[in-house]
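Trainee: Quick one: the structure is below, questions incoming.
Read-outs: derived from the displayed coordinates by stated rules, not from any lab. As the structure is a prediction and not an experimental result, all values here were calculated from the model. Glycine also receives a Cβ, built like all others from the backbone with ideal geometry; neighbour counts cover every protein chain displayed.
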Amino acid sequence: MNDKTLRQRVIDELEFEPSVHAAGIGVAVDGGVVTLSGHVPSYAQKLAAERAAWRVKGVRAVAQQIDVHLPEDKKHGDDEIARRALAILAWDSMLPDDAVRVKVQDGWVTLSGELDWNYQRDIAVTDVHRLGGVKGVINELTIRTRASASDVQSSIADALRRHAALEARHVAIGVQPDGTVVLDGIVASADERKEVVRAAWRAAGVHAVEDRLRIG
């Protein structure tokens, strides 16, 4: 697929997505790499636009350059955003009490602290990015080390073998001493690439995932 056709398909997908106000979003494509620019009225829409672009077949990477321009009636003070963020995190039964710290500056929320699992980190970020007035979320949450590098590697390899939708024979898994997983090799599609990364994140003790996978 050429870049012109891919660009039009991304534009069509953005316009089709009901949660995104696509009129303010610009799309450029170069070698299968999609750059999203412009502005949207909420951080949730910014993330939804990126997900919509990734859904289009042929997209190899997405560069996110969309700004959040909050309408006047949607703006909130940093102290109000901080209180609401702490409240929503406290109400989430999937998160341990008082494990996540919150800092807000000019609408940007920074989350820090230590959790046991990556899914808890994802939950905390998702809880906060839906709040009104949030321009962005900086994720500084870390994961406690719970397993050796060899155990992490075996766990991820077993998970990939169990996954019916994956053909992961050409994926190499490396685990560094600090808990960083390095994924290298070739996958068949962007969806398969995302599933491999998700499988890596689900293993206990993973602190970060370095995605070197290529679509071929």
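Trainee: Return the ratio Rg/(2.2 N^0.38 Å) for segment 1-118, where Rg is computed over Cα atoms only.
Mentor: Normalised Rg, Cα atoms only: 1.29.
Trainee: A further question follows. In the structure displayed, which of K75/K194; K46/K194; K46/K103 lie more than 30 Å apart, Cα to Cα?
Mentor: Among K75/K194; K46/K194; K46/K103, the Cα-Cα distance tops 30 Å for K75/K194.
Trainee: Right, next: Among (i) 37; (ii) 53; (iii) 44, find the value of percent of Cα pairs over 24 Å apart that was calculated from the structure presented, and write down its label.
Mentor: (ii)
Trainee: So if R0 is 22 Å, what FRET efficiency would Q176 and R60 give, r being the distance between their Cβ atoms, rounded to the nearest 0.05?
Mentor: Efficiency, from the Cβ-Cβ distance: 0.30.
Trainee: For V175, list long-range residues whose amide hydrogen, built 1.01 Å from N in the peptide plane, is under 5 Å from its own amide hydrogen.
Mentor: Under 5 Å from the amide H of V175: V182.
Trainee: Something else: Residue by residue through segment 26-34, what is 3J(HN,Hα) from phi via Karplus (6.51 cos²θ - 1.76 cosθ + 1.60, θ = phi - 60°)? Round to whole Hz and write x for glycine and proline.
Mentor: Here the 3J(HN,Hα) series is x, 10, 10, 9, 9, x, x, 8, 9 Hz.
Trainee: Here's another thing I want to ask about it. Taking amide H positions as placed 1.01 Å from N in the peptide plane, with prolines and chain starts having none, which residues 5 or more places from G113, or on another chain, fall under 5 Å of its amide H?
Mentor: Hits under the 5 Å cutoff: R101, T142.
Trainee: In whole Hz and in residue order, list the ³J(HN,Hα) couplings for segment 87-96 that follow from phi through the Karplus curve 6.51 cos²θ - 1.76 cosθ + 1.60, θ = phi - 60°; x for Gly and Pro.
Mentor: Once rounded to whole Hz, the list reads 5, 5, 5, 5, 7, 7, 5, 7, 10, x.
Trainee: Rounded to the nearest 5, what % of the DSSP beta bridges within the chain are antiparallel ones?
Mentor: Antiparallel: roughly 45 percent of the beta bridges in the chain.
Trainee: Follow-up. So how do 47-57, 84-94 stack up, highest first, on mean other-Cβ count within 10 Å?
Mentor: Answer by packing, highest mean first, reads 47-57, 84-94.
Trainee: Whose amide H sits under 5 Å from the amide H of K135, counting only residues 5 or more places off or on another chain, with H placed in the peptide plane?
Mentor: W108, V109
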